[in-house]
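Chemist: Handing you a structure now.
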Amino acid sequence: MSALPKPHIFTAAESKPLRWGIFGAGWISEAMVKTAQLNSNQQFVAVASRTPGKAEAFAQKWNIDSFHNSYEELAARDDIDAIYLGTLPSDRLEVALVAINAGKHVLIEKPITMDYDEAQQIYAAAKAKKVLAMEAMWTRFLPQMDIARQLVADGALGDVELVVSNFCQNNLGVTRLFTLGGGNPIIDMGIYPAALSQQFLGNPNEIHAFGKLHPNEIDEETHTFMRFANGSRSNFVLSARTTLPHWAGVSGSKGAITFGTPWFTPSSITFHESTFNGAQSTWVDDLGIPEHFGLIYQVHAFAQYVDQGLLEGPLYTHHDSLSNIKTVLEIGNLIGTRYK
């Protein structure tokens, strides 16, 4: 293969500006607002936090005109189209329903919840209110992932048989991950490799996992092996206590693709011929939106979906989201991690 296909890019020019409210004033909300202010025409109207002083400090730092100490107050505003939820996973059902019941579209940080039934409730409520609800699985919207989808759809890989990945990052100092209700590494981090596997292989019918637990019985490291109905396989290593280059690959009967590291941020993609040391073709992301600035692609996609009147995102549907939550929860149960 001499050249890889060009990616479809979700751009500011194609995205109608929305008037945004922000629930939660933590680092992920900062990352989202920062990249959107630099790379889009989206408008940030107000931020809310239940922690005294946090919303005001956030608003001052990011030049947002209004702040609230109540999610209900922000959601009730008539000058808000959509709300980004950057709160803790354990309260996502509650705060998502505040936004949805006020008739606001919601972009909900991953993991959407730590409970499958709660995720179902969120999506059902959004459908009933006729608003878009989308989990912020930003990796689906990255340029290299679009190239990967094109290669698979065009048959360049043949039958996809194997997905291998890792997400190994020493996050022992991130207290939230080892606090009940804060996300758990297998959910907060593991959702990425699980979603990658299921993007290319569908839902597993067989899951095996073993892991290492923190002294408080929250998972620190997990090794997962999955089998799918057509015989395809997936495995990944998730570690919040050790660090490795974040690598991922997808292999088929005719060829394979690997992603540049970190694979879940804007990076690169290489197509490999199936012969030993065969020819390679590489696309390198030189669009100038590195690391977590890549959150902007899902923001543009979300704005386009709202403009189109969609109630779920075509690249990451409610079914996709629920399937991934179900998988990581089952993995967590297999290794005996605590969620509550």
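Chemist: Condition check: assigned to a loop (DSSP other than H, G, I, E, B), open to solvent by less than 40 Å² (accessible area, probe 1.4 Å), in contact (Cβ under 8 Å) with a residue 12 or more places away in the chain and in contact with a Phe, Trp or Tyr (Cβ under 7 Å, 6 or more places away or on another chain). Does T113 satisfy that?
Modeler: Taking the combined requirement at face value, the residue does not satisfy it.
Chemist: Then there's this: Checking the structure you have, find out if any residue of the stretch 92-101 is within 29 Å of P143 (Cα to Cα) and either open to solvent by 20 Å² or more (accessible area, probe 1.4 Å) or among the small types (G, A, S) (or both).
Modeler: Yes - at least one qualifying residue is present in the stretch 92-101.
Chemist: Suppose we filter the stretch 292-310 for residues that are out of contact with any Gly (no Cβ under 6 Å at 6 or more places or on another chain), farther than 14 Å from R140 by Cα and not β-branched (V, I, T); how many remain?
Modeler: Total meeting the criteria: 7.
Chemist: Residue by residue through the stretch 149-167, note down the ones that are open to solvent by less than 10 Å² (accessible area, probe 1.4 Å) and over 19 Å from N324 (Cα atoms).
Modeler: Of everything in the stretch 149-167, those that are open to solvent by less than 10 Å² (accessible area, probe 1.4 Å) and over 19 Å from N324 (Cα atoms) turn out to be L151, L157.
Chemist: Select the strands (runs of 3 or more DSSP E) contained entirely in the stretch 242-340, then report the ones holding at least 3 residues which are open to solvent by 20 Å² or more (accessible area, probe 1.4 Å) and in contact (Cβ under 8 Å) with a residue 12 or more places away in the chain.
Modeler: 268-273, 280-284
Chemist: Taking interchain pairs and intrachain pairs at least six residues apart, which have beta carbon atoms under 6 angstrom, with the first residue in the stretch 137-154 and touching a residue at least 24 places away in the same chain (Cβ under 8 Å) and the second charged (D, E, K, R) and surrounded by fewer than 21 Cβ atoms within 10 Å (Cβ to Cβ)?
Modeler: Going by the 6 Å Cβ cut-off, the qualifying pairs are P143/D285.
Chemist: Within 17 Å of H68 (Cα to Cα), free of Cβ contacts under 8 Å to residues at least 24 places away in the same chain, of a type in the set (D, E, K, R) and open to solvent by 60 Å² or more (accessible area, probe 1.4 Å) - does that describe any residue in the stretch 45-52?
Modeler: yes
Chemist: Can I ask one more? State yes or no: is T179 hydroxyl-bearing (S, T, Y), open to solvent by 20 Å² or more (accessible area, probe 1.4 Å) and closer than 30 Å to Y339 by Cα?
Modeler: So T179 fits the description; yes.
Chemist: For a quick check of your reading of the model, give me the residue pairs whose first member lies in the stretch 56-80 and is within 9 Å of A46 (Cα to Cα), whose second is of a type in the set (D, E, K, R) and open to solvent by 50 Å² or more (accessible area, probe 1.4 Å), with beta-carbon atoms closer than 8 Å and at least 6 apart or on different chains.
Modeler: Within 8 Å, the pairs are A59/D65; F67/E56; I80/R19.
Chemist: Of all residues in the stretch 14-37, which are open to solvent by 30 Å² or more (accessible area, probe 1.4 Å), under 19 Å from A82 (Cβ atoms) and not acidic (D, E)?
Modeler: Scanning the stretch 14-37 gives K16, P17, R19, K34, Q37.
The values are calculated or read from the model by the stated rules, or taken from the named source; none is laboratory data. Given the structure is predicted, the values throughout are model-derived calculations rather than measurements. Note that each Cβ is placed from the backbone with ideal geometry, even for glycine, and that neighbours are counted across all protein chains shown. In case anyone asks, the SASA skips ligands and DNA or RNA and just uses the protein heavy atoms, side chains included. Shrake-Rupley method; radii C 1.70, N 1.55, O 1.52, S 1.80 Å.
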